[in-house]
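> Let me give you the structure first, and then I'll get to my questions.
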Amino acid sequence: MVNEEVILVNFWSSPFGCRVKIALEEKGIPYQYIEEDLFNKSSFLSAINPIHNKVPVLVHNQNPICESLNILEYIDETWKDLAPPFLPSDPHQRAQARFWADFVDKELYEASKKIYRGNEEEQLIGKNEVLRILKLVEGEIGDKPFFGGDNLGLVDITLIPFYSRFYTWETFGNFSIEEECPTLVAWAKRCLQKESVAKSLPDPIKIYNFILDLNKYLAK
């Protein structure tokens, strides 16, 4: 890692960028953090992610890598000797981990937006969709400490950033995730005992206030 340049370009509230922070911290990789203003995007972001112009972007030795799940696998493969791997060695287990990470990635964020941006009917639909997703994922963890077994794996790192948004979903949707998914919340609390997670997750109240302000901004 001598003379390696590692830069994370991100926006503080992004659960997708939070994944990358956790992965870098878990591997113990020194990196430079650049905060991007998503309401006034820089030319630098356009240059390193010209297709989507979105965060997060990891820049490793001047080479940009985009999309959070892609970045997680890149980190795991590039620094495979640092910390336990994020993906299991068994091909079937590895395929399953990728499936569940992709499921969370594609389903949870979009469903949750209905809870805090929609009308009363849309909020109910969003709440039911979010609980359906969380219960399916909860069933996958079983009696393991983490989805990755004894260590954080791809699914853990993909899902845990959304824990910072549980308070927002519960407040807007008037429900309790812990009552509905106690095993999943117990898993989240175990994740928070990891320094890599605890130092990377944004404060839930700060997220809630940000979303309130964002809703006002979008309503203009």
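The values are calculated or read from the model by the stated rules, or taken from the named source; none is laboratory data. All values derive from a computational prediction rather than experimental measurement. Here the Cβ positions follow ideal geometry from the backbone for every residue, glycine too, while neighbour counts run over all protein chains shown. Accessible surface areas use protein heavy atoms only, side chains included; no ligands, DNA or RNA. Shrake-Rupley method; radii C 1.70, N 1.55, O 1.52, S 1.80 Å.
> Of the residues Glu129, Glu110, Glu179, Glu121, which is in contact with a helix residue (DSSP H, G or I) (Cβ under 7 Å, 6 or more places away or on another chain), open to solvent by 10 Å² or more (accessible area, probe 1.4 Å) and assigned to a helix (DSSP H, G or I)?
Matching residue, one of Glu129, Glu110, Glu179, Glu121: Glu129.
> Given the conditions (1) assigned to a helix (DSSP H, G or I); (2) within 17 Å of Phe86 (Cα to Cα), and given that Leu152 satisfies all but one, which numbered condition is not satisfied?
In the conditions (1) assigned to a helix (DSSP H, G or I); (2) within 17 Å of Phe86 (Cα to Cα), Leu152 misses (1) alone.
One line per residue, one yes/no per condition, for (1) touching a residue at least 40 places away in the same chain (Cβ under 8 Å); (2) of a type in the set (Phe, Trp, Tyr):
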residue: Lys135; (1), (2): yes, no
residue: Gly139; (1), (2): no, no
residue: Gly148; (1), (2): yes, no
residue: Phe175; (1), (2): yes, yes
residue: Cys191; (1), (2): yes, no
residue: Leu218; (1), (2): yes, no
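> Still on this structure: Given the criterion surrounded by fewer than 16 Cβ atoms within 10 Å (Cβ to Cβ), under 22 Å from Glu25 (Cβ atoms), at pLDDT 95 or above and not aromatic (Phe, Trp, Tyr), identify the matching residue among Leu192, Leu212. Step through it out loud before you land on a result.
On the way: Leu212 fails: under 22 Å from Glu25 (Cβ atoms).
Only one candidate qualifies: Leu192.
> Further, regarding this structure: Looking at (1) within 24 Å of Ala23 (Cα to Cα); (2) crowded, with 20+ Cβ neighbours inside 10 Å, find the lone condition where Gly142 falls short.
(2)
> Still on this structure: I'd like to verify a number: residues in region 7-30 that are open to solvent by less than 60 Å² (accessible area, probe 1.4 Å) and in a loop (DSSP other than H, G, I, E, B), how many?
The total comes to 5.
Yes/no matrix, rows are residues, columns are (1) touching a residue at least 40 places away in the same chain (Cβ under 8 Å); (2) in a loop (DSSP other than H, G, I, E, B):
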| residue | (1), (2) |
| --- | --- |
| Glu4 | yes, yes |
| Tyr33 | no, no |
| Leu45 | no, no |
| Pro50 | no, yes |
| Asn53 | no, yes |
| Val59 | yes, no |
